[in-house]
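The values are calculated or read from the model by the stated rules, or taken from the named source; none is laboratory data. All values derive from a computational prediction rather than experimental measurement. Every residue, glycine among them, receives a Cβ derived from its backbone with ideal geometry; neighbour counts consider all protein chains shown.
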Amino acid sequence: MPKPVHHVFVCSQSRPEGHPRGSCGATGAGSVYEKFAEMLAARQLLGQIALTQTGCLGPCHVGPNVLVYPEGILYSSVLAEDVASIIDQHLIDGSPVTPKMAPAEIW
Ligand code: FES
């Protein structure tokens, strides 16, 4: 398997309802992951871009969170409708989607 150009980690952590930290799983991470999987497959990018569900990345209060390497860019409050721009603008064209990047005080 060739080394991927990018690795996308989608926080898929879930916690019980009422937990003080909340979780990305409770705020829509599942649909974000499914959209990445669907769109990367449709663009035939799964050989170049790795996609992984991961546990808590830290800033649960701004989830769902998506971390992209090798840049180490964290996207926060990601919705399924944001996935196309992250793929097309960042992963393909190399220009991060600035409005969705986590604030500097968080990441
Ligand atoms: S649960 Fe996703 S960052 Fe903590």
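One table, with the values for the structure above:
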{"item": "Top-ranked residue in segment 2-33 [being away from the ligand (no atom under 16 Å from the Cβ) and touching a residue at least 40 places away in the same chain (Cβ under 8 Å); ranked as nearest to residue 60 (Cα to Cα)]", "result": "7"}
{"item": "Some residue of segment 71-86 being hydroxyl-bearing (Ser, Thr, Tyr), modelled with pLDDT of 95 or more and in a helix (DSSP H, G or I)", "result": "yes"}
{"item": "Boolean, residue 66 is closer than 19 Å to residue 88 by Cβ, within 11 Å of the ligand (Cβ to nearest atom) and not hydroxyl-bearing (Ser, Thr, Tyr)", "result": "yes"}
{"item": "Unique match (being within 16 Å of the ligand (Cβ to nearest atom), polar (S, T, N, Q) and either buried (at least 18 other Cβ atoms within 10 Å of the Cβ) or within 14 Å of the chain's Cα centre (by Cα) (or both)) among 85, 77", "result": "77"}
{"item": "Check on residue 1, exposed (fewer than 13 other Cβ atoms within 10 Å of the Cβ) and among the hydrophobic types (A, V, I, L, M, F, W, C)", "result": "yes"}
{"item": "Count of segment 92-107 residues which are part of a helix (DSSP H, G or I) and either crowded, with 21+ Cβ neighbours inside 10 Å or within 11 Å of the ligand (Cβ to nearest atom) (or both)", "result": "0"}
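Here is a yes/no grid of residues against (1) among the hydrophobic types (A, V, I, L, M, F, W, C); (2) free of Cβ contacts under 8 Å to residues at least 40 places away in the same chain; (3) farther than 15 Å from residue 9 by Cα:
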{"site": "35", "(1), (2), (3)": "no, no, no"}
{"site": "57", "(1), (2), (3)": "yes, no, no"}
{"site": "70", "(1), (2), (3)": "no, no, no"}
{"site": "74", "(1), (2), (3)": "yes, yes, no"}
{"site": "99", "(1), (2), (3)": "no, yes, yes"}
